[in-house]
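Provided herewith is a single structure, encoded as structure tokens, for subsequent inquiry.
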Amino acid sequence: MFAKPNRMAGGQGTTKLQNRKALERWIDKHLKAEDSSTYVVQEYLTGREFSFSFVLLQDGTWKPLRVKYNFKGVSNYAGGFQGRPMLNMCRTFENAKNGEFPGLEEFTDKVLKAFKPLHPHVMFYHQLVNFQSFDNPRLYYLNELGYRPPGGDPSDIPTYYICGSNSFTALLLCHMDSNYIPTPNPSWQQKIYTNIYFSFVKGRLISQNPFPQKPPIEGDLKGEWYVKMVLVSASEEEQDRDLTWIFENWKPDMEVFDC
């Protein structure tokens, strides 16, 4: 099981509970602390974490923007606490539903029917706490909705590059124009864009090891220390080859502190 507060976002305040005794200890702890917050206790499940952002239009319909998930199915926990590289990939909705995320359109319809969010607005499933079953790709689990544009990259460049629309532009126009439908900017040229994160680990930086010179990477790779790396690929096949090499061959040289 796991317990999470019914406020905040991104899984903040979530506690994993191994068994009934752990649940009872957790309840006793919060009662003694006179914690007045409300929590939800749910079955603990695993799967591929992903997020899906879309626009709720004034006519009551919705239009997709993009689907985002991590390369190799790496969880955000593994990236944030175990030092695994987090390679954020974006796909168009059409690409996703006809590829690795079958049934996503039907699942979204069910979610909107159940929660009835107010139109117009931009919203998304949160990547940290929504899952696609590893065993059945048509089976999805929803734990959190974000009634706002997705966070992370404030420029929203990944969304624009993959679908030709910006979440913040869509947010404004869906309120201002009753006939608005998100469509690509006329000057838009699609790019296969990957954000690459080596998340914060408390430790001693042994060496500022540079990225290997002339690696077997075909895409345009740029990176700086304390700033995320970005890979721009000419195709999804090239992206897959390059990310596989980065995933298996390079990471910052760190001595991790136990804390």
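The values are calculated or read from the model by the stated rules, or taken from the named source; none is laboratory data. All figures in this text were calculated on a predicted structure; none of them were measured in a lab. Methodologically, a virtual Cβ is constructed for each residue, glycine included, from the backbone with ideal geometry; neighbour enumeration extends over all protein chains shown.
Go through segment 148-157 and count every residue that is surrounded by fewer than 17 Cβ atoms within 10 Å (Cβ to Cβ) and either part of a loop (DSSP other than H, G, I, E, B) or modelled with pLDDT of 85 or more (or both). I'd like the intermediate steps shown before the answer.
The initial filter retains those residues of segment 148-157 that are surrounded by fewer than 17 Cβ atoms within 10 Å (Cβ to Cβ), namely 148, 151-155, 157.
Subset that is either part of a loop (DSSP other than H, G, I, E, B) or modelled with pLDDT of 85 or more (or both): 148, 151-155.
Matching residues across segment 148-157 total 6.
Matching residues to (1) assigned to a loop (DSSP other than H, G, I, E, B); (2) of a type in the set (Val, Ile, Thr); (3) at pLDDT 75 or above:
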{"residue": "LEU171", "(1), (2), (3)": "no, no, yes"}
{"residue": "THR194", "(1), (2), (3)": "no, yes, yes"}
{"residue": "VAL201", "(1), (2), (3)": "yes, yes, no"}
{"residue": "LEU205", "(1), (2), (3)": "no, no, no"}
{"residue": "GLU218", "(1), (2), (3)": "yes, no, yes"}
{"residue": "VAL230", "(1), (2), (3)": "no, yes, yes"}
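So which residues in segment 9-43 are without any contact (Cβ under 8 Å) to a residue 12 or more places away in the chain, among the hydrophobic types (A, V, I, L, M, F, W, C) and surrounded by fewer than 12 Cβ atoms within 10 Å (Cβ to Cβ), if there are any at all?
Result: LEU31, ALA33.
Right, here's the next one. Take the conditions of a type in the set (Gly, Ala, Ser) and over 18 Å from the mean Cα position of the chain (by Cα) and apply them to ALA114. Does it pass? Let's see the steps before the verdict.
Details: of a type in the set (Gly, Ala, Ser): yes; over 18 Å from the mean Cα position of the chain (by Cα): yes.
When the stated conditions are applied, ALA114 passes them.
Now for a different question. With closer than 25 Å to ASN249 by Cβ, surrounded by 14 or more Cβ atoms within 10 Å (Cβ to Cβ) and of a type in the set (A, V, I, L, M) as the only criterion, which of LEU112, LEU87, LEU104, LEU145 stands out?
Working: LEU112 fails: closer than 25 Å to ASN249 by Cβ; LEU104 fails: closer than 25 Å to ASN249 by Cβ; LEU145 fails: closer than 25 Å to ASN249 by Cβ.
None of the others qualify; the one that does is LEU87.
Quick check: is even one residue across segment 61-71 of a type in the set (Val, Ile, Thr), over 27 Å from ALA234 (Cα atoms), at pLDDT below 90 and out of contact with any Leu (no Cβ under 7 Å at 6 or more places or on another chain)?
no
With the structure loaded, tell me whether ARG48 is under 22 Å from LEU104 (Cβ atoms) and among the basic types (Lys, Arg) or whether it fails that test.
On the way: under 22 Å from LEU104 (Cβ atoms): yes; among the basic types (Lys, Arg): yes.
So ARG48 fits the description; yes.
Which of the residues spanning segment 54-79 are within 13 Å of the chain's Cα centre (by Cα) and either more than 17 Å from THR194 (Cβ to Cβ) or surrounded by fewer than 18 Cβ atoms within 10 Å (Cβ to Cβ) (or both)? Reasoning before the result, please.
Going through segment 54-79, the residues within 13 Å of the chain's Cα centre (by Cα) turn out to be 66-71, 73-77, 79.
Hits for segment 54-79 are GLY73, SER75, TYR77.
Can you pull out every residue in segment 158-186 that is closer than 12 Å to PRO64 by Cα, surrounded by 15 or more Cβ atoms within 10 Å (Cβ to Cβ) and over 20 Å from the mean Cα position of the chain (by Cα)?
Within segment 158-186, PRO182 is the sole residue that qualifies.
Which residue out of THR46, THR38, THR15 is more than 19 Å from the chain's Cα centre (by Cα) and under 22 Å from TYR140 (Cα atoms)?
Details: THR46 fails: more than 19 Å from the chain's Cα centre (by Cα); THR38 fails: under 22 Å from TYR140 (Cα atoms).
On inspection, the qualifying residue turns out to be THR15.
Now a separate question. Pairs under 7 Å by beta carbon, first residue over 12 Å from TRP62 (Cβ atoms) in segment 99-116, partner surrounded by 13 or more Cβ atoms within 10 Å (Cβ to Cβ) and among the hydroxyl-bearing types (Ser, Thr, Tyr), six or more apart or different chains?
PHE107/TYR140
Quick test of your reading of the structure: THR46 fulfils all but one of (1) exposed (fewer than 15 other Cβ atoms within 10 Å of the Cβ); (2) closer than 28 Å to SER165 by Cβ; (3) at pLDDT below 90. Name the failing condition by number.
The single condition THR46 does not satisfy is (2).
Same structure, new question: Does segment 44-80 hold any residues that are in contact (Cβ under 8 Å) with a residue 24 or more places away in the chain, among the hydrophobic types (A, V, I, L, M, F, W, C) and out of contact with any Pro (no Cβ under 9 Å at 6 or more places or on another chain), and which are they?
Scanning segment 44-80 gives LEU45, PHE50, TRP62, VAL67.
Please identify the pairs in which a residue from segment 209-221 that is more than 15 Å from PHE247 (Cα to Cα) has its Cβ atom under 6 Å from the Cβ atom of a residue that is in a strand (DSSP E or B) and at pLDDT 85 or above, counting only partners at least 6 apart or on another chain.
Matching pairs, first to second residue: ASP220/VAL232.
While we're on this one: For segment 243-259, which positions are touching a strand residue (DSSP E or B) at 6+ places or on another chain (Cβ under 6 Å), of a type in the set (Asp, Glu) and at pLDDT 65 or above?
ASP253
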